[in-house]
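Take a look at the structure set out below.
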Amino acid sequence: MTDDARAGRNGRPVATTAVLPFPLDFEALYLRNHEDYHGFALAILMDQQSAEDAVHRAFYEILHHWPALLADGNVHQQTWAILRRTVISERLINYRDNLAELTEDSDVARALCALPPRQFDVMVLRYLCHCATDDIAWYLGVTASTVDYHGRRAKQRLEQAMPARIRRST
């Protein structure tokens with residue numbers, strides 16, 4: 001009977017692809033939180049496809065770090081941190097892409113877009129989103145001193161890119 005179930009046309013066996021199962025506790029976490037995570041991502045990103053992509057990337061990262069997350073003991077806090085970091089990262093990428101299209105203050109937009117990703121993130125989170133250094137460090141997964149370093153380097157690059165505008169505003 002099992003031979004018949006596996007047989008295809010002309011009695012040849014049908015190739016089966018083995019799907020590697022996810023850990024049961026990971027699947028439970030996914031099923032329990034997927035809708036809430038998607039709702040959070042949609043509220044921040046305001047785009048269905050971007051929200052789905054961000055949640056997918058977050059769960060992929062969670063799966064990649066699953067044994068370490070279980071060992072930590074606070075799985076929900078850690079998975080939420082991964083989701084938030086992923087969504088904020090997606091928002092910053094979208095913001096960076098859209099920033100170049102702005103016509104007003106285009107010299108500022110061009111200078112910001114020319115910054116390396118970490119420096120850009122720090123500047124946007126610090127000066128446009130008014131986030132505290134500790135929050136930025138948490139979002140980016142770095143220390144507060146690293147955030148300050150990236151902020152200083154970004155300011156130096158911006159001063160070089162538009163010295164007259166920076167001096168006027170300080």
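What to note about this one:
- One decimal place: the segment residue 134-residue 146 gains 3.3 nm when fully extended, by the rule 0.36 nm per residue minus the C-alpha distance.
- Shown here is the pair-distance distribution of region 44-150: with all Cα-Cα distances grouped in 5 Å bins from zero up to the longest one, the shares run 2, 12, 19, 20, 19, 16, 7, 3, 2, 1 percent.
- Residues in region 131-139 carry Karplus couplings, in order, of 7, 6, 4, 4, 5, 4, 4, 5, 4 Hz; the curve used is 6.51 cos²θ - 1.76 cosθ + 1.60 with θ = phi - 60°, and Gly or Pro positions show x.
Each value in this text was obtained by applying a stated rule to the coordinates, not by laboratory testing. This is a predicted model, so every value here is computed, not measured.
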